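We did not get these values from a lab; they are worked out from the coordinates using the rules stated. Everything numeric in this text was worked out from a predicted model, so none of it was measured. For neighbour counting, all protein chains shown are included, and Cβ atoms are generated from backbone atoms with ideal geometry for every residue, glycine included.
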C-alpha cells in the first residue's frame, strides 16, 4: 500500500539497471522471514554481491525488518534501514521494528467490514446513487446510508466515494 524510498538515488538507479530485486538477499530474507536481521547476519547467498555493492554507495550497515500479520490475505510489510557509520544497536532495531509494526497496522485493510457494507461500497464504486443501490438491494435508502456510514468509519474515510476507493485499493471489492 505504501512505499517510502530514501535510498541514495545513484544506488536506486544502479540497483534498478542491474535488476537486483530477485537476487537481493535482503529482499529474499524479508519475504521469507518475520522479525529482524542485520545485514551482517544475513544467512542467504549473495552471488551478485549486492550487499557489498551497496557499501560503495555509503550503505555499509543495515537492518531489515519484516512484519507479517498472518491474515488470509497475507499482508506483509518490510523495511530496510541503512547507515554508513556503525551497526544499529539493539535498542535502535527495537524502535525501528515498533515503528514499522505501527505503520503496518495503520495501513492494513480492515477485516471487520460486513458483506452488506462491501456490497454497497462496490455499487458506489460503480457510480450508482443511493436510490439505485437501495432498489437493487431491496432495502431502504436509510439502510444503504447506514451501511456506508459504518464502512466509512471502519475505513477512516470522509465520503462514500473515498471509502469505495480505499476498499478497492485494499482489494476488498
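Alpha carbon centre of segment 22-41 versus segment 59-120: separation in Å? After rounding, the separation between the Cα centres reads 14 Å. Model label sites at residue 52 and residue 86, defined 7 Å from Cα along the beta-carbon direction, differ in position by 2.7 nm. Normalised by the number of residues in segment 18-77, the mean separation of alpha-carbon contacts (under 8 Å, six or more apart) gives a relative contact order of 37 percent.
Entry note, segment 105-173: relative contact order of 39 percent, from Cα contacts under 8 Å with a spacing of 6+ residues. For residue 69, project a label point 7 Å along Cα to C-beta. Then give me every residue of segment 119-152 with its amide nitrogen under 18 Å of that point. Inside the label zone: 151-152.
Taking the helices alone, the chain has a mean residue ellipticity at 222 nm of -14500 deg cm²/dmol, built from -39,500 (n - 2.57) per DSSP H run of at least 4 residues and averaged over all its residues. With kT/(6 pi eta Rh) evaluated at 10 °C and eta = 1.306 mPa s, and Rh the Kirkwood radius from Cα pairs, segment 14-98 diffuses with a coefficient of 118 µm²/s according to Stokes-Einstein. Contact order for the chain, expressed relative to its length and based on alpha carbon pairs under 8 Å spaced 6+ residues apart, stands at 16 percent. Here the spin labels are modelled as points 7 Å beyond Cα on the Cα-Cβ line, and at residue 115 and residue 131 they lie 2.9 nm apart. Across the alpha-carbon atoms of segment 49-125, the computed radius of gyration and Dmax are 18.4, 54 angstrom. Only one of (i) 109; (ii) 139; (iii) 118 was calculated from the structure for volume of the Cα convex hull per residue in Å³, and its label is (ii).
Rounded to the nearest 10 degrees, the angle from helix 115-125 to the longest Cα principal axis of the chain is 90 degrees. With a simple spin-label model that places each label point 7 Å from the Cα along the Cα-to-Cβ direction, the separation between residue 21 and residue 2 comes to 2.1 nm. Sorting 14, 104 by the number of Cβ atoms found within 10 Å of their own Cβ, with the fewest placed first, yields 14, 104. Going by alpha carbons, how many degrees (0 to 90, nearest 10) lie between the helix axis of 141-155 and the longest principal axis of the chain? Roughly 10 degrees, rounded to the nearest 10.
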